[in-house]
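So the structure is just underneath, and the comments pick up after that.
The values are calculated or read from the model by the stated rules, or taken from the named source; none is laboratory data. Treat the numbers as computed from the prediction; the structure is a model and nothing was measured. Reconstructed Cβ throughout: ideal geometry from the backbone, glycine too, with neighbour counts over all protein chains shown. For accessibility, only protein heavy atoms count, side chains too; no ligands or nucleic acids. Shrake-Rupley method; radii C 1.70, N 1.55, O 1.52, S 1.80 Å.
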Amino acid sequence: MAVKVGEALAKKGFHIMNGGYMGLMEATTKGARKIEGAKVRGVLVPKAFPMRKGGNQYLTHKLEEDTIEERLATLVGGSSAFVVLPGSLGTLTELVMAWNTAVLAPLAGQKPPPIIAFKDPWEDILKGVQAKLKIPEQMLQMIQFVSSAEEAIESISKLS
């Protein structure tokens, strides 16, 4: 799934930016690198992850930050669109920051960045957050939930 998504993003001309380490981050970068000229940036935090040396082998650029907070600011602040794969606590943090960025963008006269997130696990989690915090439905609708790599790729193809 992540390899297909990375490849589709690179084909569309998007530069990929992620945490730069293993797992889905590596799979996404591997997929992107199937496309000649693809640019893949990993935002690394050696102080937080000393056991993860240098990021994965598919990165074309490595940016090292001192803290997780700086990494998050770079990942979210440096992106024009977000594709959120299944993940864990770090991915949840990035997704909520991206969502908040989209909600606040119109207040600054900006267009909200597109957010495409896999339904499993994110839809139920964010619907729970929305219900508990009484977040308006239109704010949740800023996130497009998809069920498969193919559906994500279809949504990606509509981005420009």
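Brief remarks follow.
- Scanning region 29-48 turns up no residue that is in contact with a Leu (Cβ under 7 Å, 6 or more places away or on another chain) and in contact (Cβ under 8 Å) with a residue 60 or more places away in the chain.
- Restricting region 62-72 to residues that are open to solvent by less than 50 Å² (accessible area, probe 1.4 Å) and charged (D, E, K, R) leaves a set whose member that is farthest from the chain's Cα centre (by Cα) is E65.
- Within region 24-37, being open to solvent by less than 50 Å² (accessible area, probe 1.4 Å) and either over 15 Å from V3 (Cβ atoms) or in a loop (DSSP other than H, G, I, E, B) (or both) holds for one residue alone: I35.
- Taking region 78-89 as the range and being loosely packed, with under 15 Cβ neighbours inside 10 Å and among the hydroxyl-bearing types (S, T, Y) as the test, the residues that pass are S80, S88.
- Candidate set: region 1-22, residues that are touching a residue at least 24 places away in the same chain (Cβ under 8 Å) and assigned to a loop (DSSP other than H, G, I, E, B); chosen: the one surrounded by the fewest Cβ atoms within 10 Å (Cβ to Cβ): M22
For (1) of a type in the set (F, W, Y); (2) farther than 29 Å from V3 by Cβ; (3) open to solvent by 40 Å² or more (accessible area, probe 1.4 Å), each residue gets a yes or a no:
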| residue | (1), (2), (3) |
| --- | --- |
| A98 | no, no, no |
| Q110 | no, yes, yes |
| A117 | no, no, no |
| L133 | no, yes, yes |
| I143 | no, no, no |
| E154 | no, no, yes |
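- Verdict on T29 being β-branched (V, I, T), under 22 Å from K158 (Cα atoms) and modelled with pLDDT of 95 or more: yes
- Checked against the criterion of being surrounded by fewer than 20 Cβ atoms within 10 Å (Cβ to Cβ) and either in contact with an Asp or Glu (Cβ under 7 Å, 6 or more places away or on another chain) or over 16 Å from L159 (Cβ atoms) (or both), the candidates L92, L59, L75 yield just one match: L92.
- Single match in E137, E123 (criterion: farther than 14 Å from L85 by Cα and either acidic (D, E) or at pLDDT below 95 (or both)): E137
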